[in-house]
1. Being modelled with pLDDT under 95 and polar (S, T, N, Q) is the filter here, so list the residues in segment 121-154 that pass it.
2. Of these, Thr93, Thr155, which one is assigned to a loop (DSSP other than H, G, I, E, B), hydroxyl-bearing (Ser, Thr, Tyr) and open to solvent by less than 40 Å² (accessible area, probe 1.4 Å)?
3. Yes or no: Pro167 open to solvent by 60 Å² or more (accessible area, probe 1.4 Å), closer than 27 Å to Asp79 by Cα and part of a loop (DSSP other than H, G, I, E, B)?
4. Considering only residues of segment 173-194 that are open to solvent by 30 Å² or more (accessible area, probe 1.4 Å) and not hydroxyl-bearing (Ser, Thr, Tyr), which is nearest to Glu122 (Cα to Cα)?
5. Being surrounded by 15 or more Cβ atoms within 10 Å (Cβ to Cβ) and more than 12 Å from Leu177 (Cβ to Cβ) is the filter here; which residues of segment 107-133 pass it?
6. From the list Lys140, Lys146, which residue is part of a helix (DSSP H, G or I), open to solvent by 20 Å² or more (accessible area, probe 1.4 Å), closer than 14 Å to Leu102 by Cα and in contact with a strand residue (DSSP E or B) (Cβ under 7 Å, 6 or more places away or on another chain)?
7. Could you go through segment 173-193 and let me know if any residue there is touching a Leu at 6+ places or on another chain (Cβ under 9 Å) and of a type in the set (Phe, Trp, Tyr).
8. Confirm whether Cys104 is touching a residue at least 12 places away in the same chain (Cβ under 8 Å) and open to solvent by less than 20 Å² (accessible area, probe 1.4 Å).
Amino acid sequence: DPAEDDCEEDCIFCLISQDQDEYTEVIIEDDELVCFRDIEPAAPHHYLVIPREHIDSCLSLTKKHVCLGAPAEDDCEEDCIFCLISQDQVEYTEVIVKDDELVCFRDIEPAAPHHYLVIPREHIDSCLSLTKKHVCLVEKMVKMGKAVLRAQGITDMQDIRLGFHRPPFTSVQHLHLHVLAPASEISRYMLHKF
């Protein structure tokens, strides 16, 4: 049974996970998960799988929730294009600068004359996965992005734009800082994104 601290007394899913809802037929369960039929099925076999631990939403998920029992072989995902770029395994990507932690390269769909991405070599899903321990990493990403702009001849550091997209508005599920200049020349079709 889950620890009482892990559940919310007014959460129906917590009640189901503790076998306290008499109307729900549990199909299968283990120490971490419970599976049951959806009460409003969209298909003949529509099931819900929930953790016994109370998690508010997908925005509350962290790396600890991914494959809890699986050992982490390294910090990279084999099917992540940015992980492959960070390991120099993508020939057509023009890397501008790299160090032990970060890699910077040109965006393949530039929204401004200078549009670069700064990524960590470590696979971090998105800005929603960042914690206090990542503050130094993000500061280094910003520093590298600005250094690349200066090296490319950008002198007006007031006319730049740096930022992350939040899921579900990310095209690649690997943290990447957009570095754009001049911001005043961002394509009008892309202004809503940046």
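The values are calculated or read from the model by the stated rules, or taken from the named source; none is laboratory data. Note that the structure is a prediction, hence the values are computed from the model and not measured. Please note: Cβ atoms are built from the backbone with ideal geometry, for glycine as well, and neighbour counts cover all protein chains shown. For the accessible areas, the whole protein counts, side chains as well, though only heavy atoms, and no ligand, DNA or RNA atoms are used. Shrake-Rupley method; radii C 1.70, N 1.55, O 1.52, S 1.80 Å.
1. The answer is Ser126, Ser129, Thr131.
2. Within the list Thr93, Thr155, the selection yields Thr93.
3. No; evaluated as a whole, the condition is false for this residue.
4. This residue is Gln173.
5. Answer for segment 107-133, where residues must be surrounded by 15 or more Cβ atoms within 10 Å (Cβ to Cβ) and more than 12 Å from Leu177 (Cβ to Cβ): Ala111, Ala112, His114, Arg121, Glu122, His123, Asp125, Leu128, Ser129.
6. Among Lys140, Lys146, only Lys140 is part of a helix (DSSP H, G or I), open to solvent by 20 Å² or more (accessible area, probe 1.4 Å), closer than 14 Å to Leu102 by Cα and in contact with a strand residue (DSSP E or B) (Cβ under 7 Å, 6 or more places away or on another chain).
7. No, because not a single residue in segment 173-193 is touching a Leu at 6+ places or on another chain (Cβ under 9 Å) and of a type in the set (Phe, Trp, Tyr).
8. yes
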